[in-house]
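Asks: Questions regarding the structure given below will be posed in turn.
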Amino acid sequence: MKQMKIFAAPYLVWMVVFILVPLLMVAYFALTNDEGRFTIQYVSDVGQYANIFVRSIWLALIATVICLIMAYPLAFILSRMDKHKQGTMLLIVMLPMWMNFLLRTYAWMTLLGNNGIINYLFGLVGLGPFKLINTSGAVVLGMVYNYLPFMILPLYSVMVKIDKSVLEAATDLGCNFWNTLFRVIIPLSVPGITSGITMVFVPAISTFIISRMLGGGSNLLIGDLIEMQFLGNAYNPHLGAAISLVLMVIILLIMTVMNQFSPDDQVLI
Amino acid sequence: MENVVSLKDIVVEFEDGERILKSISLDIKDKEFVTFLGPSGCGKTTTLRIIGGFIEPTSGDVLFEGKKINGVPPHKRNVNTVFQRYALFPHLNVYENIAFGLRVKKLPEKEILRRVGEMLELVNLKGFEKRTVNRLSGGQQQRVAIARALVNQPKVLLLDEPLGALDLKLRKEMQTELRKIQQAMELTFVYVTHDQEEALTMSDRIVVMNGGVIQQIGSPTDIYNEPVNAFVADFIGESNIVNGHMPKDCVVEFTGRQFECVDKGFSPNETVDVVIRPEDVKVISAEGAKLTGIVESVVFKGVHYEMIVDGVDHKWIIHSTKAEPVGAMIGMTFDPFDIHIMKKTEE
Ligand SMILES: Nc1ncnc2c1ncn2[C@@H]1O[C@H](COP(=O)(O)OP(=O)(O)O)[C@@H](O)[C@H]1O
Ligand SMILES: [Mg+2]
């Protein structure tokens, strides 16, 4: 046991230096002013941006739901394939992630643009052009496209563990397809669902690249807001830290609610 | 008695074109305990899955109470299965596992409570209702699997090597238990095992299979006393199997000597299998004996001694209540009706 502790030491140092200290610094910045005195001024200022918070949560939520609906059947089909085919298919699912995140999102900019390929194709059949870029729909699309694999993977890894004979037992006991889905497959994949939701929702709610590139100026998200406080003209690190702190609390609350739905031994975070 | 399940010329080929079942035909009667017996890989599970509806035969018909049920999915068949490795629902406790089929049928809560209660009593699992299934022992999981199937009161229960993972003592207990349940509830059991002793003790009828072909169908005593070929004889208990031929009716020649027997109708130059059970070999004095051999080994088996006797052309297995000293020369003889002559099966 003692030796184990020695091995754990580097991680402990890592956690303190790169996780705990920054967290405390964020809290410190959020709760002090330029003179270093305690104030809740910045935290209460966050209230002004409630609409941006609501929009961020809303878009991230929609993206998460779409990811779940798309990934669930895909992950299930994947998990039922021949073992040797599964590897290849997983590779195909993961393939887009090997490309640079910026590049992928940039590609969507040109695809969705007013003179982009999609509008060009619509034009061929006499439709459009539609306003596709710089809409909240484009932001959701960007989120879904970029984060879908993070939904597929945890779902898949839970579903491959569902034994084929358990599904056969369900049909043997009178279940049709829907019964099997709701009585066996979904309950057994709850850990995958919750961790998939976490892995899509958390990055989606705090993204700023996607909204900047696909959402134009009118679809500002929390991520953009925070970025502006540190790198933009509105330079105000105290407010930026306060927004981060509030966002953290919101995510924490949402995850706590999520955990109520997971089995006891599968707590997230 | 009416037939509950009938299989008519069932052929199963998997994608690779390999023929797993080669024309299986069988009638299973109401309230009967039928056992599929055969070595691993002979197609027992496949046959059971045909009845359960998990695979469709390449050709041939499956009848349930006289009606063709080819293509009917498992959830619409009045048949339940106890799977080879239990296949319990890991997300449900013991009670909910057993209640599963009743909940799917949307029975009232009160009736579910009553019927699950009866089952818990039947399989001796009262007090385990709230336990999650992966915290049960193998034997307890097995009993949950049986209760989960039985609670639906199926016409036919399919059991795929249900006791395979249990230790010997527990297996013996469960054999008696299952037989009792089957008789008390007046159900038809279709049971799969590769254990010949299990098949002999539990079944009304045994279906011996090998290589996707039914070798013999009969009661345990028929199968044991009148095996139709050397495979069945060897699979059902140990046997001495030697090549021989019959110069005339009621005389068989093997290992160069002629013996009186009771079989007739083979042509003089046809090679036949001569099968003699180890307990039917009589040990006599070597002097004047037609057949002699030297005792190679003696092992005490509880009720009898098992001796291997080297008779030059064949090593004889002999079961006897008296042990002979190793290295001794002994004589062997057989009663005419203990010599079984069988047609050679082409492999
Ligand atoms: N899905 C399948 N695809 C191809 N071959 C199979 C499949 N299932 C079983 N087999 C083959 O069929 C044969 C019989 O299998 P099975 O019925 O399970 O035998 P048993 O239950 O008697 O041990 C085996 O050789 C097995 O390899
Ligand atoms: Mg089997």
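Asks: Of the peptides A:83-91, B:136-144, B:121-129, how do they stack up when ordered by the mean number of other Cβ atoms within 10 Å, highest first?
Replies: Peptide ranking by packing, descending: B:136-144, B:121-129, A:83-91.
Asks: Ignore the peptide's own chain and count Cβ atoms of other chains within 10 Å of each Cβ in B:74-85; give me the average, rounded.
Replies: 4
Asks: Rounding to the nearest 20 debye, state how big the charge dipole of region B:23-142 is about its Cα centre with +1 on each Lys and Arg Cβ and -1 on each Asp and Glu Cβ.
Replies: In total the dipole reaches around 340 debye.
Asks: Where Rh is the Kirkwood radius over the Cα pairs of the protein assembly as shown, the temperature 25 °C and the viscosity 0.890 mPa s, what D in µm²/s does Stokes-Einstein return?
Replies: 79
Asks: What ranking of A:Y147, A:Y72 emerges when the number of other C-beta atoms within 10 Å of each C-beta is taken as an exposure proxy, fewest first? Kindly include the intermediate steps, with their values, before the conclusion.
Replies: On the way: A:Y147 26, A:Y72 21.
In increasing order of surrounding Cβ atoms, one gets A:Y72, A:Y147.
Asks: Mind checking which lysines have their C-alpha under 19 Å from B:K68, skipping anything on the same chain fewer than 8 residues away?
Replies: List returned: B:K8, B:K29, B:K76, B:K155.
Asks: Which angle from 0 to 90°, rounded to the nearest 10, does the C-alpha axis of helix B:109-122 make with the longest principal axis of chain B?
Replies: 20
Asks: Let me ask something else. Using Cα centres only, tell me the gap between region A:136-184 and region B:315-347 in whole Å.
Replies: Centre-to-centre (Cα) distance: 62 Å.
Asks: Quick one: compute the contact order of region A:9-266, relative version, from alpha carbon pairs under 8 angstrom and 6+ residues apart, as a percent.
Replies: After rounding, I find 28 percent.
Asks: Reachable aspartates and glutamates from B:K44, Cα under 12 Å, same-chain residues fewer than 8 places away excluded?
Replies: Output for B:K44: B:D160, B:E161.
Asks: Sticking with this one: Within 10 Å of each residue's Cβ, count the other Cβ atoms and sort B:R49, B:R277 from fewest upward.
Replies: Starting with the residue having the fewest Cβ neighbours, the order is B:R49, B:R277.
Asks: Test of understanding: in a Gaussian network model of chain B with alpha carbons linked when under 10 Å, which of B:L26, B:L187, B:L168 would top the mean-square fluctuation ranking?
Replies: Highest fluctuation among the options: B:L168.
Asks: For the protein assembly as shown, with the dipole built from +1 on Lys and Arg beta-carbon atoms and -1 on Asp and Glu ones, taken about the Cα centre, which of B:I55, A:H84, B:F266 lies farthest toward the positive end?
Replies: A:H84
Asks: Counting Lys and Arg as +1 and Asp and Glu as -1, each charge on the Cβ, what is the dipole of the protein assembly as shown about the Cα centre in debye, to the nearest 20?
Replies: 2620
Asks: Could I ask something else about it? What's the magnitude of the charge dipole for chain B around its Cα centre, counting Lys and Arg as +1 and Asp and Glu as -1 at the beta-carbon? Answer in Debye, nearest 20. All intermediate terms of the calculation are to be shown ahead of the outcome.
Replies: On the way: 42 positive and 50 negative charges, 416 e Å.
Approximately 2000 debye in magnitude.
Asks: Next question. Of the beta bridges DSSP finds with both residues in the protein assembly as shown, what % are antiparallel, to the nearest 5?
Replies: Just about 75 percent of them are antiparallel.
Asks: For a footprinting-style exposure proxy, rank A:Y106, A:Y11, B:Y224 by other Cβ within 10 Å, fewest first.
Replies: With the fewest neighbours first, A:Y106, A:Y11, B:Y224 line up as A:Y11, A:Y106, B:Y224.
Asks: May I pose another question? Relative contact order for region B:3-230: what percent, with Cα pairs under 8 Å and sequence separation of 6 or more?
Replies: Relative contact order, region B:3-230: 28 percent.
Asks: What relative contact order, as a whole-number percentage, does region B:238-343 give when Cα pairs under 8 Å and 6 or more residues apart are counted?
Replies: Relative contact order, region B:238-343: 30 percent.
Asks: Enter the mean number of other protein chain beta carbons within 10 Å of the beta carbon of each residue in A:182-191, as an integer.
Replies: 2
Asks: Putting +1 on Lys and Arg Cβ atoms and -1 on Asp and Glu Cβ atoms, find which of A:Q229, A:F101, B:V295 reaches farthest to the positive end of the dipole of the protein assembly as shown.
Replies: The one lying farthest along the dipole's positive direction is A:Q229.
Asks: If the chain between A:F7 and A:A27 were fully stretched, how many nm would it gain, using 0.36 nm times the residue separation less the Cα-Cα distance?
Replies: 4.2 nm
Asks: Dividing the Cα radius of gyration by the Kirkwood radius, what Rg/Rh value follows for region A:1-132?
Replies: Ratio of gyration radius to Kirkwood radius for region A:1-132: 1.14.
Every number here is computed from the coordinates shown, using simple stated rules; none is lab data. All figures in this text were calculated on a predicted structure; none of them were measured in a lab. Cβ coordinates were reconstructed from backbone atoms using ideal geometry, including for glycine residues, and neighbour counts include every protein chain displayed.
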